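**Q** I am attaching a structure below and will ask some questions about it afterwards.
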Amino acid sequence: MNAAHERSVMVVGDRFEEFLTHPGTIGVSAMLEFLRIGAGDGPPKITVGQGLTGEQLAELDKFAETGRCVLSTQDHVPQPVERAVTHKVYEKNVLIGDLERVGEGRYRTPLVLDERVEVLEDHLTGLHIPAVTLLEAARQTWTAVTERYLIEPEPKSRFVISHVNSTFLNFVFPIPAQLEYRLRSKEKGPVGHVIAFTVEIQQTGRIAARFEAEIRVIPERFAEKQEAMAARQTLRDETTPRVPTGV
């Protein structure tokens, strides 16, 4: 661990075992144990990567605040944003940090990946973060931006995806990354709004993935009626005897 005092060491979740074979990395459990013991000649210089739980992030933040460790590239230890704006029930499934407005219709948030997240706990191959996890992070980003900046809290709304076009340009590894949202258009529809936007995932100054999407924001009471009607129609279609074709 003495090398941690000379240069930054990357702290990542314990389950990224293959990534942890690379020099300059350490699992979060080992780092927290090191900080609790207080061994070494001085505070280690660390960079917070991906895979840490909310509790681990909070403990690491306390060590940083008290000078037990030094953050190398971040201003603070990233924390997950509140669950409500991402439409998630459990904090472990929140994949983004707090939002920052960086321009007209532009917002940025760090990727804050808990290794226990539902879209990762049973899917981890190789060194990189799977595409399905990145798509969920993008969905949480556009959901949080819409909830916080683009619509009123009342009446309650439902978000319906019209389309998503995904482009994957580079692997995303369990090191710091951020998502940037750019609003392309927001139009009033017959019921609610239609919002088009782009979300990019960036790492080490490069665009790793891009999601171009459009959603319809519909008042909850109308969305519930539409969904119920569609469910009944689908059930009728499935249970109605079909006349064989070509007879």
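The values are calculated or read from the model by the stated rules, or taken from the named source; none is laboratory data. Since this is a predicted model, take the numbers as computed values, not measurements. Areas reflect the complete protein model, heavy atoms only, side chains present, ligands, DNA and RNA absent. Shrake-Rupley method; radii C 1.70, N 1.55, O 1.52, S 1.80 Å.
**Q** Please identify, among Pro130, Pro155, Pro176, the residue showing maximal mean-square fluctuation in a Gaussian network model of the chain using a 10 angstrom Cα cutoff.
**A** Pro155
**Q** Work out from phi, with θ = phi - 60° and the Karplus expression 6.51 cos²θ - 1.76 cosθ + 1.60, the ³J(HN,Hα) of each residue of the stretch 150-163, listed in order in whole Hz, and give x for Gly and Pro.
**A** 10, 10, 7, x, 10, x, 4, 10, 10, 9, 10, 6, 7, 6
**Q** When the scattering of the stretch 60-148 is computed by the Debye formula from its Cα atoms alone, each counted once and equally, what is log10 I(q)/I(0) at q = 0.14, 0.25 Å⁻¹?
**A** -0.57, -1.21
**Q** For the chain, what's the radius of gyration and Dmax over Cα atoms, in angstrom?
**A** Considering the chain through its Cα atoms, Rg and Dmax are 21.8, 86 Å.
**Q** Among bridges DSSP assigns within the chain, what percent are antiparallel (round to 5)? Each step should come with its number before you reach the end.
**A** Details: 42 of 51 bridges.
Looking only at bridges with both residues in the chain, the antiparallel portion is about 80 percent.
**Q** Per residue, how much accessible area does the stretch 89-247 show when a 1.4 Å probe rolls over the protein heavy atoms, in square angstrom?
**A** Result: 57 Å² of accessible area for each residue.
**Q** Using Cα springs under 10 Å in a Gaussian network model of the chain, which residue among Gly105, Gly189, Gly24 shows the largest mean-square fluctuation?
**A** Gly189
**Q** Ok, one more. With all protein chains present and a 1.4 Å probe, how do Thr133, Thr25, Thr167 order by accessible area, largest first? Before the final figure, lay out the partial values.
**A** Details: Thr133 5, Thr25 30, Thr167 60 Å².
Ranked from most to least accessible, the order is Thr167, Thr25, Thr133.
**Q** Of the residues Glu154, Glu180, Glu18, which exhibits the maximal mean-square fluctuation in a Gaussian network model of the chain defined by a 10 Å Cα contact cut-off?
**A** The residue that fluctuates most here is Glu154.
**Q** Okay, next question. List the aspartates and glutamates whose alpha-carbon lies under 20 Å from that of Lys156, not counting same-chain residues fewer than 8 positions away?
**A** Glu82, Glu147, Glu187, Glu214, Glu220, Glu224, Glu227
**Q** Still on this structure: Not counting ligands, DNA or RNA, and with a 1.4 Å probe, what is Thr21's accessible surface area in Å² rounded to the nearest 10?
**A** Surface accessible to solvent at Thr21 totals approximately 110 Å².
**Q** Equivalent ellipsoid semi-axes for the stretch 108-206, as square roots of 5 times the alpha carbon gyration tensor eigenvalues: give them largest first, rounded to whole Å.
**A** Semi-axes from the Cα gyration tensor: 28, 15, 12 Å.
**Q** Let me ask something else about it. Return the subset of Lys188/Lys225; Lys92/Lys225; Lys186/Lys225 for which the Cα-Cα distance in this structure is over 26 Å, preserving the input order.
**A** Pairs exceeding 26 Å: Lys92/Lys225.
**Q** Can you tell me the orientation of helix 220-239 relative to the chain, as the angle in degrees between its alpha-carbon axis and the longest Cα principal axis, to the nearest 10?
**A** Once rounded, one gets 70 degrees.
**Q** Next question. Tell me, what is the 1.4 Å probe accessible area of Asp75, in Å² to the nearest 10?
**A** Roll a 1.4 Å probe over it and Asp75 shows about 150 Å².
**Q** I want to verify the translational diffusion coefficient of the stretch 162-224 in µm²/s; compute it with Stokes-Einstein, Rh as the Kirkwood radius over Cα pairs, at 25 °C and 0.890 mPa s.
**A** Answer, rounded: 185 µm²/s.
**Q** How big is the Kirkwood radius of the stretch 1-111, worked out from every pair of different alpha carbons and given in Å to one decimal? Don't skip to the answer; put the middle values down first.
**A** Working: mean 1/r = 0.0667 Å⁻¹.
After inverting the mean inverse Cα-Cα distance, the result is 15.0 Å.
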